[in-house]
Amino acid sequence: MKVFTMLAVAAGASLISSFALAGGKMLDRDHEYRFRRAGGDAIMVVPPDTLTISVGIVRVGADLPATLAALQGSAQDLGQRAQKAFGAQARLQLLHFSVSPTGEKKTETSRNLSASGAIEVPLAAELDYWGRAELLVKAAALAREVEEESKDPKKGVSINLGSPTPLVRNTDGLRAELIRRWVEDARAFAAAAQSAGAPLHLLRCDPPGSVEQRPLGIGGVGLWLRQNCAIDVGK
């Protein structure tokens, strides 16, 4: 008796449903088809709801309390500039902080104080392709500004902004739909692979893994759900 194990991320594009839902919004069939081809084995493709821009801020100084205060001031200034560029809903979310040697002997008492995180820009459901493109242009302009300022030694700060990345903020909100689609695809596979004398059934499923995502462009995000199940001949 043969047992087959299926993984959600291995479900072929031909088994993916025709439309992708996100907060009641649907990608039209033509766009869904193109995004699914780009996404390969994505179970579902949805419009992004957040644009994230990675941020790294570094201040150097020997007086650590004063350097920390200066770092905080630089972060607050960047947050205000992000809101000016993207709107009041944009937020600078800092997650990591570190203190490290500068690596230069002449400044042995100085330390690098680093803060990192991301600027998060909510994407309105009605925002179209060109609206998203405009946000990317604004992100490039902001990155160029801070890069030029970082070259000025009088500023005493180095700020690095990464490339904008469209994402879905709450992927767990789509978990139920992903599981439904995966089960639908797995059953379709079983129906196509079985024979009249050996019907196949979906058995012994492990708990679903975390939802994974990958940007497929500024208009779509591919979602995956790792799910192991056995398909066995029915008794």
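The values are calculated or read from the model by the stated rules, or taken from the named source; none is laboratory data. No experiment lies behind these values; they were computed from the predicted model shown. No Cβ is skipped: glycine too gets one built from the backbone with ideal geometry, and neighbour counts run over all protein chains shown.
Residues that are in contact with a strand residue (DSSP E or B) (Cβ under 7 Å, 6 or more places away or on another chain) and crowded, with 19+ Cβ neighbours inside 10 Å within region 168-188 comprise V168, L174, L178, R181, W182, A186, listed in sequence order.
Take L94 and decide whether it is farther than 20 Å from I53 by Cβ, touching a helix residue (DSSP H, G or I) at 6+ places or on another chain (Cβ under 7 Å) and assigned to a strand (DSSP E or B).
no
Quick test for you: out of E126, E145, E184, pick the one residue that is assigned by TED's automatic domain parsing to the domain that holds P199 and acidic (D, E).
Working: E126 fails: assigned by TED's automatic domain parsing to the domain that holds P199; E145 fails: assigned by TED's automatic domain parsing to the domain that holds P199.
Exactly one residue qualifies, and that residue is E184.
Every test in (1) in the same structural domain as N112 (by TED's automatic domain parsing); (2) surrounded by 15 or more Cβ atoms within 10 Å (Cβ to Cβ); (3) of a type in the set (K, R) is passed by K151 save one, and that test is (2). For region 139-190, residues that are closer than 16 Å to R81 by Cβ, β-branched (V, I, T) and outside any helix (DSSP H, G or I) total 2. Scanning region 80-96 for residues that are touching a residue at least 24 places away in the same chain (Cβ under 8 Å) and not aliphatic (A, V, I, L, M) yields a count of 6. Picking from S98, S116, S54, S74, which residue would you name as being surrounded by 13 or more Cβ atoms within 10 Å (Cβ to Cβ) and more than 25 Å from V211 (Cα to Cα)? The unique qualifying residue is S74.
Summed over region 38-70, the residues that are without any contact (Cβ under 8 Å) to a residue 60 or more places away in the chain and part of a helix (DSSP H, G or I) give a count of 6. Within region 117-133, the set of residues being among the aliphatic types (A, V, I, L, M) and either assigned to a loop (DSSP other than H, G, I, E, B) or in contact with a Gly (Cβ under 6 Å, 6 or more places away or on another chain) (or both) comprises L123, A124, A125, L127. Taken as a whole, the condition of being in contact with a Pro (Cβ under 9 Å, 6 or more places away or on another chain), in a helix (DSSP H, G or I), modelled with pLDDT of 90 or more and surrounded by 11 or more Cβ atoms within 10 Å (Cβ to Cβ) applies to L136. When the residues of region 139-148 are filtered to those that are over 19 Å from the mean Cα position of the chain (by Cα) and surrounded by 16 or more Cβ atoms within 10 Å (Cβ to Cβ), the one that is modelled with the lowest pLDDT is V146.
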